[in-house]
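What follows is one structure encoded as structure tokens, with my remarks underneath.
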Amino acid sequence: MSASIETRWEALGGGSLGASVGTGTQDTFGALLSREPSIAVDYEQPLLRGAGMASSTWERMRSARTGLAAQELSFYDAQQDLAQRIIDDYYTVLLARGEVEIAERSADRAKRLYDINYAKFSGEGLVEEGEEWVSQVAEIDVDQARLSWDRSKQQLISRQQAYRDAMDRLLLDMGLLPGATPELTTAVTYSAQEYDEAALVETALVNSTELGRLELSRQDAIADLRIARSEDRPDVVAEVGAISPGETTSETSPGTGWFAGIRAELPLLDRRREEGVASAERALAVLDQSIVATRDRVAQEVQRQVRAAVSSQAQIDIGEQSVALARKSREAAQGMYDEGLSDYLRVLDAEDKLVEAERLLLQEHVQYFLTTVRLRRALGEDITQGLSD
């Protein structure tokens with residue numbers, strides 16, 4: 001009868017150091033405690049197996065490192081998702097504010113035109129007291145001008161509401177209470193760029209976090225296969241140590257002794273282990289296929305965003321020309337109306353086309369910037385870098 005306490009330390013290479021302290025062996029019914037405790041120290045080192053999770057601390061450390069790296073990549077992706085959502089919301093606010101400014105200019109022009117038409121019709125501000133006034137425009141022109149002004153005011157109210165809604169969404173995503181009206185310091189700017197599609201694809205393949213996580217999973221799959229195969233190998237362990245059995249109450253035990261040896265454990269044929277190896281091989285093959293498919297998807301996403309950016313640049317060029325032509329057309333229509341060469345409907349039509357051209361151009365500017373952000377995201381770049389405060 002005896003009592004003992006044992007502890008064991010494992011090394012990265014798979015070896016382990018153990019130590020134990022006990023009461024000593026009791027061969028008679030005497031006192032429970034010996035006068036001298038037993039002490040044993042030993043060291044075990046796997047010679048063949050050691051790559052498996054069950055017999056190697058190194059494998060556990062490797063698994064922990066890949067797990068940490070995968071978590072860091074996931075955290076980076078979550079951070080980039082939040083940044084992109086805030087950027088999208090912010091530029092939606094900028095777009096809404098720009099549309100409000102366009103609507104305000106349109107309402108101001110419509111009011112001025114209505115005032116001019118009303119004065120020409122009624123003579124208000126144009127005729128002296130007692131002087132007879134002959135209307136220079138038809139009443140229908142005054143009515144059309146008033147309808148145009150009312151419609152522009154309605155559009156302005158709608159744009160203002162859209163601006164407030166967009167601002168509230170931005171504030172909510174930033175963790176702030178809606179209702180505030182912070183000052184927006186960033187302007188919608190445009191600068192045409194050239195894109196080397198092949199070089200961008202290579203950059204994306206190197207920086208892709210999705211491919212990085214798959215590569216970490218592949219390392220785990222290779223380790224699983226290695227562990228499964230190691231189950232069929234004999235487990236050979238070298239042992240060396242020293243032991244002092246202690247001194248009992250009845251007699252003195254032998255002195256401290258040393259021991260060394262090799263222990264071999266031979267696994268028998270087991271279909272479960274064969275299936276484990278086959279399953280690990282299939283998992284690795286599936287993962288390799290996933291990596292190939294993901295590489296293709298990353299390349300396609302970069303190509304898609306490059307095409308979108310090039311298309312948006314072309315749309316901006318066309319939009320700038322359209323705005324210039326719409327302004328010229330509106331000025332010409334106003335001049336012809338003032339000279340009595342056309343009716344007021346042509347002026348209203350030209351005004352509507354100018355407002356629409358300005359709005360579309362603003363949308364294209366915002367769309368191009370957001371496309372460049374999505375392209376940077378596809379390239380694996382940190383989209384929070386390089387942005388103005």
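Determine whether L184 is modelled with pLDDT of 85 or more and in the same structural domain as A103 (by TED's automatic domain parsing).
No, not satisfied.
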message = Restricting to the stretch 178-188, count the residues that are exposed (fewer than 10 other Cβ atoms within 10 Å of the Cβ) and within 24 Å of the chain's Cα centre (by Cα).
response = 0
Filter result for the condition that a residue is out of contact with any Cys (no Cβ under 9 Å at 6 or more places or on another chain), farther than 25 Å from Q367 by Cα and modelled with pLDDT of 85 or more, over G241, G212 = G212
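Does K153 qualify as being closer than 24 Å to G335 by Cβ, at pLDDT 90 or above and surrounded by fewer than 19 Cβ atoms within 10 Å (Cβ to Cβ)?
So K153 does not fit the description; no.
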query = Looking at this structure, is R62 closer than 29 Å to I222 by Cβ, modelled with pLDDT under 60 and either crowded, with 18+ Cβ neighbours inside 10 Å or out of contact with any Pro (no Cβ under 9 Å at 6 or more places or on another chain) (or both)?
reply = no
query = Just one of A198, A192, A204 is loosely packed, with under 15 Cβ neighbours inside 10 Å, assigned by TED's automatic domain parsing to the domain that holds I316 and part of a helix (DSSP H, G or I); which is it?
reply = A198
message = Just checking, does the stretch 103-110 include any residue being closer than 24 Å to V373 by Cβ and either modelled with pLDDT of 90 or more or not in a helix (DSSP H, G or I) (or both)?
response = no
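Per-residue answers, yes or no, for (1) outside any helix (DSSP H, G or I); (2) among the polar types (S, T, N, Q); (3) farther than 30 Å from S208 by Cβ:
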{"site": "A332", "(1), (2), (3)": "no, no, yes"}
{"site": "L341", "(1), (2), (3)": "yes, no, yes"}
{"site": "V355", "(1), (2), (3)": "no, no, yes"}
{"site": "Q367", "(1), (2), (3)": "no, yes, no"}
{"site": "L370", "(1), (2), (3)": "no, no, no"}
{"site": "L375", "(1), (2), (3)": "no, no, no"}
task = Run down Q300, Q385, Q321, Q289 and say which single residue is free of Cβ contacts under 8 Å to residues at least 24 places away in the same chain and not assigned by TED's automatic domain parsing to the domain that holds A110.
result = Q385
Unique residue being surrounded by 15 or more Cβ atoms within 10 Å (Cβ to Cβ), within 32 Å of the chain's Cα centre (by Cα), assigned to a helix (DSSP H, G or I) and of a type in the set (G, A, S) when the list is A350, A326, A293, A308 = A308
task = For the stretch 281-298, enumerate the residues that are more than 19 Å from L370 (Cα to Cα) and among the hydrophobic types (A, V, I, L, M, F, W, C).
result = A283, L284, A285, V286, L287, I291, V292, A293
task = Evaluate the stretch 253-266: report whether one residue or more is modelled with pLDDT of 70 or more, closer than 30 Å to S4 by Cβ and of a type in the set (V, I, T).
result = yes
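The values are calculated or read from the model by the stated rules, or taken from the named source; none is laboratory data. Note that the structure is predicted; figures quoted are calculated from it, not measured. Cβ sites come from the backbone with ideal geometry, for glycine too, and all protein chains shown count toward neighbours.
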